[in-house]
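Here is the structure we will look at, set down as structure tokens.
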Amino acid sequence: MPLQFEHGVLPKPTADEEARQEFVFSMAQHSMTQIMPGIVSVYEKQVLPEFKENEKREPATRHEIRRSMQRHPYYQLASSFQRSTQELLWDSVDESVQRQLSDLITKAEQLSGGETLGNLTLDPEFEMPRYIRDNDHHVMPGGYAADLRTGDITAGALYDRGAYIFTDGLFGEKMDGVGKSAAQFIRKYYPDIAPQKIIDFGSGMGGPTCALKEAFPEAEVCGIDVSAAELRYSHARAESLGVAVHFSQQNAERTNFEDGSVDVVVSVTTFHETSRAAVENIIRDAYRILKSGGALVVGEQPPFEGKSPFEQFLADWDTLNNNEPFWSTIHEMDMVAICSKAGFKPEGVFTSMEQSVASTNAVEANADPDDIVGSDRGGGDFWYFSARK
Ligand SMILES: C[S@@+](CC[C@H](N)C(=O)[O-])C[C@H]1O[C@@H](n2cnc3c(N)ncnc32)[C@H](O)[C@@H]1O
């Protein structure tokens, strides 16, 4: 695995911790390229013929396929192995983060104290949305909501290091690939916008937000997130990298930015961790805060539309097995219709497949995305929907 860039709050593994992290990554890769693909032949050779024999027809939906597959021992074994590697991955990162947590908190406080390039604003009265409060997405211990001790930065540190390992560094050494990809998208489709203000909805550990500021240095760039632990981390991280970004704790469903004050609202890999009502609210708020002529740019999972029921079933693994309860539903939502309902002109709304996040960072995937069953981890194409006010 290539080395991750050592910014001021990156949790640094000991040699033993690193060996465990590398081992778990190898397990995950083995699972996705060697074990999970076996469920394709189980389906074709056993489950599908049995289904046709019993029902006298092809399965009509991914749900029917899932119900049949869940009874097969190979699917149970493969899913259990995949889920276990995911849990072990987080264990291998969490033990390293917890060992150095006091030091990391001190470093974060130093970086965020005194005179800083960007601001950090937390809201002690913040009401966590239920879809974040009640779920540990992708099995990350404590999810985004955990804020267990004064100055906690655990969620940010876990995501930064854990996602780097899971993606085998495909998001780039600074974990900024999705931000670079979004910046590339803005330049390609909105060359006439010279953004003065960009908001990143769901800024997470802040790597993509920093990439936006670096791509548009003249713009004021703000990252908002619901997670205090991630915001403390992302602010300290950006300061240590010398990037001026303002971070604040806000729900993207109803932000405090003024009407018509923003040139571009960006959101990457965030919508699928919310809810149906939240997606509508977030798009409505984006419309409210955008200037006339401003653009909403959302990078997400590609929809299931156009995939066969079996391909949908494969892509839907995370819904039931990886604590991603909204995954299934969001893949079926019509974002163009939702944007139009929020006020965007239908002719200004479009979807597009773009370069993979890895290629945005000129990083080579060491497994062909076609060989992977499950998430392609940034090696495959990246799907966007966008709307202009
Ligand atoms: C998968 S992470 C992606 C983070 C970042 N965009 C990236 O690509 O690295 C999703 C983030 O969205 C945040 N989030 C979820 N719902 C939100 C909401 N309603 N408002 C603001 N942030 C939200 C989560 O706390 C989490 O940090």
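The values are calculated or read from the model by the stated rules, or taken from the named source; none is laboratory data. Only a predicted model underlies this, so the values are computations on that prediction, with no experimental measurement involved. We place every Cβ from the backbone using ideal geometry, glycine too, and count neighbours over all the protein chains shown. Ligands, DNA and RNA are excluded from the accessible area calculation, which covers all protein heavy atoms including side chains. Shrake-Rupley method; radii C 1.70, N 1.55, O 1.52, S 1.80 Å.
Structure values in brief
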| item | result |
| --- | --- |
| Tally of residues being assigned to a loop (DSSP other than H, G, I, E, B), more than 22 Å from Ile199 (Cβ to Cβ) and open to solvent by 90 Å² or more (accessible area, probe 1.4 Å) across region 110-123 | 1 |
| Residue within region 105-117 that is within 14 Å of the ligand (Cβ to nearest atom), over 17 Å from Ser248 (Cβ atoms) and among the polar types (S, T, N, Q) present | no |
| The listed residue being among the hydroxyl-bearing types (Ser, Thr, Tyr) and touching a His at 6+ places or on another chain (Cβ under 9 Å), out of Tyr43, Tyr74 | Tyr43 |
| Qualifying residue in region 339-360 (condition: at pLDDT below 90, out of contact with any Lys or Arg (no Cβ under 6 Å at 6 or more places or on another chain) and among the hydrophobic types (A, V, I, L, M, F, W, C)) | yes |
| Residue match in region 266-283 (condition: of a type outside the set (A, V, I, L, M, F, W, C), over 19 Å from the mean Cα position of the chain (by Cα), open to solvent by 10 Å² or more (accessible area, probe 1.4 Å) and within 22 Å of Gln184 (Cα to Cα)) | no |
| Any chance Tyr144 is under 25 Å from Thr255 (Cβ atoms), hydroxyl-bearing (Ser, Thr, Tyr), surrounded by fewer than 21 Cβ atoms within 10 Å (Cβ to Cβ) and within 22 Å of the chain's Cα centre (by Cα) | no |
| For Phe171: the one exception among (1) within 28 Å of Ala295 (Cα to Cα); (2) touching a helix residue (DSSP H, G or I) at 6+ places or on another chain (Cβ under 7 Å); (3) within 10 Å of the ligand (Cβ to nearest atom); (4) not in a loop (DSSP other than H, G, I, E, B) | (4) |
| Selected residue [assigned to a helix (DSSP H, G or I) and under 25 Å from Ala229 (Cβ atoms)] from Glu53, Glu22, Glu44, Glu17 | Glu17 |
| Check on Ile165, of a type in the set (Val, Ile, Thr), more than 15 Å from the ligand (Cβ to nearest atom) and open to solvent by less than 60 Å² (accessible area, probe 1.4 Å) | no |
| Qualifying residue in region 134-150 (condition: hydroxyl-bearing (Ser, Thr, Tyr), touching a residue at least 12 places away in the same chain (Cβ under 8 Å) and over 27 Å from Pro13 (Cα atoms)) | no |
| Contacts under 8 angstrom Cβ, first residue in region 210-229 being open to solvent by 10 Å² or more (accessible area, probe 1.4 Å), partner near the ligand (Cβ under 10 Å from one of its atoms) and in a helix (DSSP H, G or I), 6 or more apart | Ala215/Gly179; Asp225/Leu231; Asp225/Ser234; Val226/Ile132 |
| Within region 123-156, tally of residues that are in contact with a strand residue (DSSP E or B) (Cβ under 6 Å, 6 or more places away or on another chain) and away from the ligand (no atom under 13 Å from the Cβ) | 0 |
